[in-house]
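**Q** Here it is, the structure in full.
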Amino acid sequence: MELLIAATIVSAPFILFSVYYLLSKYVHSGGRCYLLSYQCYKPPDEQKMSTANSLQIALRNSNLVLEDYRFLQKEMVSSGIGDETYCPRNIMEGREASPSLQESLKEMDDIVFDTLDRLFAASGISPSQVDILITTASLFAPCPSISCRIVNRYKMKEGIKSYSLSGMGCSSSLVAVDLVRQQFKLQPNALAVVVSAETLGANFYRGRDRSMMLQNVTYRTGGASILLTNSPALKHRAMLELTALVRTHPSSDESYECAIEMEDEQGYRGFRVLLPKVARVARQCLVENFKVLLPSVLPVWEIIRFAVQLSTPLRLLRRRSRRKRINMKTGIDHFCLQPNTRALVDGFRTSLELEEDDMEPSRMTLHRFGFTSCSSLWYVLGYMEAKKRLRKGEKVLMVSMGAGYMCITCVWKVVRDDLGDSNVWGDCIHEYPQQASVNDFAFKFGWIQEDCVNFIRYDDYVRAQYSRY
């Protein structure tokens, strides 16, 4: 990937862009965007999704056969999901086959109002002071909208600019941040709230298409509310300052179709993810995105060093440095990467050539909370904050990808040291990072790969095994 990025980085357009960026950075001071506070949702303990619960839910799907169970077991083992993630109430209580609108609204309200109540309490900002409100929920679009429910609940000002984004996938939270940034250019001294959540209870896939079964493996209940401002008077209270944001949205058929909501041949609705295509499209999106982002965040001396290395014949390079690469850490201190699955996190590490310590926040978020879709990046940021790893002046890179296919990256600068540690990780951060151990799904579900299951009624055997737990 480094060589693909290089073609642009060492070109004349890059040099012109770099000069423009440096000048605009110091000449133009408008359009600031500060993050004042954020809150992530932690469901009650009765919604915890243990290994045994996962098996019980799978057993309720009468459409599955033995090979489907074996496929699910392998995916669960390799997913990186832990034993304490959270699931919607209707699925825990066995009503996933017939979800109701009221249950979906209740699921959304629990996430939205819990995080907003805590956000307003922690920041000291009144709901009536909010000028811009944006909600994101890809698979749930009620009428009146989610943003309307919030305005009504908190009796916000009549002149508030409210938006409800749907269908924009896992990258929608950063899309909302970008929309806030654009609004800030038109409205000085404003306060904005972004609320990102998903309703999974109404979107549980009950068919047998394996490209659509993956959503049941990694997606978990979660959400976040974020408070932003462009007011200079509130800068001293800010946690982070947005310094760069780049969106990439290719228009090819392949990028559009690689991750899409649809019905399978039996009529079951779900979200299809074609992994080989997703991997290829995601790589291309990230390369195109970095062509714009990296010149604005990497120091000039690193660009020059890489350009010299790129123009040097391979035979003249030292043996240890024969691979021509960009050192991301010269401009980025922390990496907040979307934790869809263990494979995606591994892919980020390989492509960006990061250390395992850089991947720890994403891996531990996936283990503890699963993949909470558009809100997952804020759980990763919360891990860094709870571990007290963010220092004033350091920069955090966020990378998010979603259906469309879209890639969004942004860079935040830490503006103060005393960020605090009272967040969703507060009661369990001392347990992390967890050392590699026997995977719960491998240990408890391993029997389903045994040959003996081929010669008996597997459903009876499954229930017998389940009774052990």
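The values are calculated or read from the model by the stated rules, or taken from the named source; none is laboratory data. Small disclaimer: the values here were computed from a predicted structure and weren't measured. Virtual Cβ from ideal backbone geometry, glycine too; neighbours counted across all protein chains shown. Ligands, DNA and RNA are excluded from the accessible area calculation, which covers all protein heavy atoms including side chains. Shrake-Rupley method; radii C 1.70, N 1.55, O 1.52, S 1.80 Å.
**Q** Considering only residues that are in a helix (DSSP H, G or I) and farther than 19 Å from T221 by Cβ, which ones fall in region 37-66?
**A** Matches in region 37-66: L59, L66.
**Q** Let me ask another. What pairs come out if I take residues in region 324-342 that are in contact (Cβ under 8 Å) with a residue 24 or more places away in the chain and pair them with residues that are among the basic types (K, R) and open to solvent by 10 Å² or more (accessible area, probe 1.4 Å) whose C-beta lies under 6 Å away, six or more apart or interchain?
**A** I332/K395; D333/K395
**Q** With the condition kept exactly as written, say whether any residue in region 217-224 is surrounded by 22 or more Cβ atoms within 10 Å (Cβ to Cβ), among the polar types (S, T, N, Q) and either part of a loop (DSSP other than H, G, I, E, B) or under 17 Å from the mean Cα position of the chain (by Cα) (or both).
**A** yes
**Q** Within region 125-148, track down each residue that is in a loop (DSSP other than H, G, I, E, B) and open to solvent by less than 50 Å² (accessible area, probe 1.4 Å).
**A** I125, S126, V130, D131, A137, S138, F140, P142, S145
**Q** Name the residues in region 343-362 that are open to solvent by 10 Å² or more (accessible area, probe 1.4 Å) and closer than 24 Å to A137 by Cα, would you?
**A** Result: L344, single match.
**Q** If I ask for residues that are touching a strand residue (DSSP E or B) at 6+ places or on another chain (Cβ under 6 Å) and part of a loop (DSSP other than H, G, I, E, B), which ones from region 75-107 would you list?
**A** Result: E84, C87.
**Q** Then there's this: Please verify whether A282 is modelled with pLDDT under 95 and crowded, with 20+ Cβ neighbours inside 10 Å, treating the condition exactly as stated.
**A** Yes, satisfied.
**Q** Taking L72 as the residue in question, decide whether it is over 21 Å from P361 (Cα atoms) and part of a loop (DSSP other than H, G, I, E, B).
**A** Taking the combined requirement at face value, the residue does not satisfy it.
**Q** Additional query: Return the pairs, sorted by first residue and then second, in which the second residue is open to solvent by 50 Å² or more (accessible area, probe 1.4 Å), the first residue lies in region 165-187 and is over 15 Å from A244 (Cβ atoms), the beta carbons are less than 6 Å apart, and the residues are 6+ apart or on different chains.
**A** Qualifying pairs under 6 Å: S166/A141.
**Q** Here's something else I'd like to know. Please work out which residue is farthest from V77 (Cα to Cα), limiting yourself to region 39-61 and to residues that are at pLDDT 90 or above and open to solvent by 20 Å² or more (accessible area, probe 1.4 Å).
**A** Q39
**Q** Could you please give the count of residues in region 76-101 that are touching a Phe, Trp or Tyr at 6+ places or on another chain (Cβ under 7 Å) and open to solvent by 10 Å² or more (accessible area, probe 1.4 Å)?
**A** Of the residues in that region, 3 qualify.
**Q** Taking V287 as the residue in question, decide whether it is closer than 30 Å to N63 by Cβ and part of a helix (DSSP H, G or I).
**A** Considered against the rule, which asks whether it is closer than 30 Å to N63 by Cβ and part of a helix (DSSP H, G or I), V287 comes out as no.
**Q** So, one more: Being under 14 Å from the mean Cα position of the chain (by Cα) and among the polar types (S, T, N, Q), is that true of even one residue in region 188-199?
**A** yes
**Q** May I pose another question? For R318, are the conditions met, namely being at pLDDT below 80, out of contact with any Pro (no Cβ under 6 Å at 6 or more places or on another chain), among the charged types (D, E, K, R) and within 27 Å of L245 (Cβ to Cβ)?
**A** Judged against the criteria, R318 is not a match.
**Q** Quick one: would you say R325 is surrounded by 14 or more Cβ atoms within 10 Å (Cβ to Cβ), touching a helix residue (DSSP H, G or I) at 6+ places or on another chain (Cβ under 8 Å), at pLDDT below 90 and on the phi < 0 side of the Ramachandran plot?
**A** Yes.
The rows are residues; the columns are (1) in contact (Cβ under 8 Å) with a residue 40 or more places away in the chain; (2) under 30 Å from M49 (Cα atoms); (3) outside any loop (DSSP other than H, G, I, E, B); (4) of a type in the set (S, T, Y).
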{"residue": "L242", "(1), (2), (3), (4)": "yes, no, yes, no"}
{"residue": "R247", "(1), (2), (3), (4)": "yes, no, yes, no"}
{"residue": "Y256", "(1), (2), (3), (4)": "yes, no, yes, yes"}
{"residue": "E265", "(1), (2), (3), (4)": "yes, yes, no, no"}
{"residue": "G270", "(1), (2), (3), (4)": "yes, yes, yes, no"}
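**Q** Search region 164-215 for residues being farther than 21 Å from S37 by Cα and among the polar types (S, T, N, Q), and hand back the single one that is most open to solvent (accessible area, probe 1.4 Å).
**A** S166
**Q** Also, quick follow-up: So, V151, is that one in a strand (DSSP E or B), modelled with pLDDT of 95 or more and surrounded by 18 or more Cβ atoms within 10 Å (Cβ to Cβ) or not?
**A** no
**Q** Additional query: Can you tell me which residue within region 154-168, out of those that are part of a loop (DSSP other than H, G, I, E, B) and among the basic types (K, R), is nearest to G222 (Cα to Cα)?
**A** K155
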